[in-house]
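Heads up, the thing below is written out as structure tokens.
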Amino acid sequence: MPIIQRPYVPPEDQVPKEDSYVNPGESAVSGKNDEDASLDPITFYSDSMHIFSSLYSAVLFFGEQMEEREPILRARIKVSPQMLKAIALLTAKHVKEYEDAVGPINLPDQVYAAWELEGSGEGEHGHAAG
């Protein structure tokens, strides 16, 4: 039976502190003031996520699960509510296209419970449809 880790949720729904981030753009090879290095795209793996939103903005936190400890936060992306909705629509479109081409993506009920999402029943939110 596979081990299912919970999605990252900061304690008591608090925004993670600045010093808990790993800045993937900084490296020992390129100094912090190297203009060419700052133009390089940042690529990292994320298997945990949290969204904190307010009336005027939203912050998406992407992290990586670590065995037997809290995830390492890899990126924090600030967006407007309009951009957050655009991301949701575009993401849903790509997930639908993927599922149409490859097959359904099944998520464990723990994901729905951890994020307090409704509809963990069959055929909803990425569960296999009959």
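One table, with the values for the structure above:
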{"item": "Qualifying position, being surrounded by 13 or more Cβ atoms within 10 Å (Cβ to Cβ), at pLDDT below 60 and not assigned by TED's automatic domain parsing to the domain that holds A114, among P71, P10", "result": "P10"}
{"item": "Residue that is nearest to the chain's Cα centre (by Cα) [pool: residues in region 42-76 that are under 25 Å from Q110 (Cβ atoms) and among the β-branched types (V, I, T)]", "result": "I51"}
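The values are calculated or read from the model by the stated rules, or taken from the named source; none is laboratory data. In this text, all values refer to a predicted model and were calculated from it rather than measured experimentally. Note that we place each Cβ from the backbone using ideal geometry, even for glycine, and neighbour counts take in every protein chain shown.
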